[in-house]
Amino acid sequence: MSLPYAPRFAYYDGKTQSSSSTSSFQSINPATATPLANIHTTTHGAIDSAIASAQQAFPAWSSRPAIERARILQKAAALLRARNDELARIETDDTGKPFSETSTVDVVTGADVLEYFANMVGGGGLNGETVQLRPNAWVYTTKNALGVCAGIGAWNYPIQIALWKSAPCLAAGNTMVYKPSEFTSLHSTVLAEIYTEAGVPPGVFNVVQGGAAVGAYLTQHASIAKVSFTGQVSTGQKVAGSAASAMKYVTMELGGKSACIILPDADLDAAADGAMMANFFSTGQVCTNGTRVFVPAALQPAFEQALLAKMQHIRAGDVHDPRTNFGPLVSKPHFDKVQAYIAHGIQHDKATLLCGGLGPPAWLRDTTTDSTHPAAYKNGYWVRPTIFTNCTDAMLIARDEIFGPVMCILPYDTISSAVQRANASPMGLAAGVFTKDLNRAHQVIARLEAGITWVNTWGESPAEMSVGGWKMSGVGVENGRRGLEAWVRGKSTLVEMGGEGGSVFAKL
Ligand code: NAD
């Protein structure tokens, strides 16, 4: 059967390697549950070849003047922007996220980060410092590329994750072997081709395809200097554990169960907007989602009314229609997982279902008044945007990362108790506060145990902002100035020109 997309293989030595596999699996369109492409699993031998290609490319790439690397990466950013809609359509087919999102967020924020790090290294961001110790001695420092690095991606923001990893990696002079999620691989070789077209030399950016076994082989490989991983906490523990045995550098961008705290003086309409963004954007498949919404008990009825009014603006539909803002979940296993959590919330946690619940969104249930949906959509992985209220901290739906469109409203009495409860999670990825009192906002933010925080907004993550989790949500950061430091190792050199710092033995 011919599929909508060409098969995907490994990419190394600057080209697609169609003989790199012996087995294959399929990428599935989540909106319709139909296959999009055959993805060929990269064999261990071909992973070795991809790493060898990256090793061979490293000396020349890392010693090239930073401004030259910058120029090439800027060109890649321009190519990404020129092909924005084409790439966004690929991401929409592969992830199910509406084109209204992928065309305005996914590729754009990836290209922004590429441009940001290219500009940073072109503008001296890899310079070290000089410290004069005494008239005849000083220390100077240099920032050195690590070598061949592995990037392992999650499925929710495929091309953005690939770029957030490869941009600082390559800008700093490293080479990369990247493995996309097996659920959303389509972007990977297109990105590799764009890098090649921009002038990135063969071997600098390489792709291998497959699931956990390919990821594990890559992580364990002796020639990998660093693993940058995005995914679940449980997988991150395995990857970091395996990398630790060889003292590899790691960046771990993991899951969360973030708290969104509405203070008593908040503009309720703006707060409801924030809570909507924090739960239903990308059908809830955003790592930083604020799924625990703490609301003053006295404001709960008004806040719920505000939310219910806004729920009317969620539009499930043809994911390529620019008016659609709510797509399916990414895959059948994920659909089953999210449905199971919704069922658990109703049956076992006995939370109050404010709206949503099991089954598909209204758009798919309504066959009389809305004829815009093709029959094929009925097989897709569609769920209803769901709000549970009167939740307590002990409920499973309020503790586990569901990674779907499921909001939990948790009423509170005092701000202090809300902060304490917000922090009572093993995870600490993001948090946010809504209030008109900015002094209070900063006091609350200072007490929240999370690496990414917002005041009176939710979700924006620009290139300039370092992002990374606290506690079980991760190690290290991506983006911002600190994002570049994650891809270099420092060397400090003390220079003695003769004088007081000489050998003690010479004075004996
Ligand atoms: P996952 O952990 O199942 O898979 C992530 C990647 O790891 C995939 O490429 C997978 O093939 C690979 N993998 C699986 N087992 C492996 C192993 N043993 N060794 C090496 N690689 C292995 O995660 P997912 O379901 O794809 O993504 C969803 C998760 O990602 C959520 O928890 C979400 O919060 C998190 N996430 C975090 C961030 C962040 O920046 N903190 C961003 C996006 C997603």
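The values are calculated or read from the model by the stated rules, or taken from the named source; none is laboratory data. For clarity, every value in this text was computed on a predicted model and none was experimentally measured. Cβ sites come from the backbone with ideal geometry, for glycine too, and all protein chains shown count toward neighbours. We work out accessible area using only protein heavy atoms, side chains counted, and drop any ligands, DNA or RNA first. Shrake-Rupley method; radii C 1.70, N 1.55, O 1.52, S 1.80 Å.
Note that the stretch 189-195 has calculated 3J(HN,Hα) couplings of 6, 5, 4, 4, 5, 5, 4 Hz, one per residue in order, obtained from phi through the Karplus relation 6.51 cos²θ - 1.76 cosθ + 1.60 (θ = phi - 60°); glycine and proline are x. Pairs from the list K75/K165; K97/K471; K143/K248; K179/K248; K75/K226; K179/K257 with a Cα-Cα gap above 20 Å: K97/K471; K75/K226; K179/K257. When DSSP beta bridges are restricted to pairs lying wholly in the stretch 259-455, around 15% turn out antiparallel.
Absence of a disulfide-compatible partner, taken as no other cysteine beta carbon within less than 4.7 angstrom, is noted in the chain for C149, C169, C260, C287, C355. Cα convex hull, the stretch 21-167: 141 Å³ per residue, rounded to a whole number. Taking amide H as placed 1.01 Å from N in the peptide plane, the amide H of W454 sits under 5 Å from that of A431, G432, V433, each at least 5 places away or on another chain. Across the chain, counting alpha-carbon atoms alone, Rg and Dmax equal 24.4, 99 Å. Treating each Cα of the stretch 422-471 as one equal point scatterer and applying the Debye formula with no solvent, the log10 of I(q)/I(0) at q = 0.33 Å⁻¹ comes out as -1.25.
For V383, the amide hydrogen comes within under 5 Å of the amide hydrogens of L329, counting only partners 5 or more places away or on other chains and with H modelled in the peptide plane. Shape descriptor for the stretch 259-455: Rg over Rh equals 0.98 (Cα atoms; Rh from the Kirkwood inverse mean 1/r).
Relative to the longest principal Cα axis of the chain, at what angle does helix 44-63 sit, 0 to 90 degrees, rounded to 10? With rounding to tens, the tilt is 60 degrees.
Calculate for the chain the 222 nm mean residue ellipticity that helices alone would give, adding -39,500 (n - 2.57) per DSSP H run of length 4 or more and normalising by residue count, nearest 500 deg cm²/dmol.
Estimated from H runs of four or more residues: -11000 deg cm²/dmol.
Find the accessible area per residue for the chain; the probe is 1.4 Å, ligands and nucleic acids are left out, and the unit is Å².
It amounts to 40 Å² per residue over the chain.
Mind checking the angle between helix 332-347 and the chain's longest principal axis? C-alpha axes, 0 to 90 degrees, to the nearest 10. Helix 332-347 sits at roughly 50 degrees to that axis.
Mean separation of Cα pairs under 8 Å and 6+ residues apart, divided by the residue count of the stretch 207-356: what relative contact order is that in percent?
Relative contact order comes out at 16 percent.
Spin-label pair H44-M1: with each label point 7 Å from Cα along the Cα-Cβ axis, the two points sit 3.3 nm from one another. Converting phi to 3J(HN,Hα) with the Karplus coefficients 6.51, -1.76 and 1.60 and the offset θ = phi - 60°, the stretch 121-129 yields 6, x, x, x, x, 9, 5, x, 10 Hz in sequence order, with x at every glycine or proline. From the square roots a ≥ b ≥ c of the eigenvalues of the alpha-carbon gyration tensor of the stretch 391-462, which class results: rounded (a/c under 1.5), prolate (a/b over b/c), or oblate? Taking the square roots of the gyration eigenvalues as a ≥ b ≥ c, the stretch 391-462 is oblate. Derived scalar couplings between HN and Hα for the stretch 232-239 equal 6, 4, 5, 6, x, 4, 5, 5 Hz in order, rounded to whole Hz, by the Karplus curve 6.51 cos²θ - 1.76 cosθ + 1.60 (θ = phi - 60°), x for Gly and Pro. Proximity of backbone amide H atoms, modeled 1.01 Å from N, is registered between S24 and T41 at under 5 Å, excluding neighbours fewer than 5 places apart on the same chain.
Just the protein heavy atoms count here, and of the accessible area of the chain at 1.4 Å, carbon and sulfur take up 55 percent.
With 10 Å bins beginning at zero, the pair-distance distribution over Cα atoms of the stretch 373-422 amounts to 21, 39, 21, 12, 7, 0 %. Close lysine pairs were tallied over the stretch 259-455: pairs 8 or more places apart or on different chains with Cα atoms under 30 Å apart number 10.
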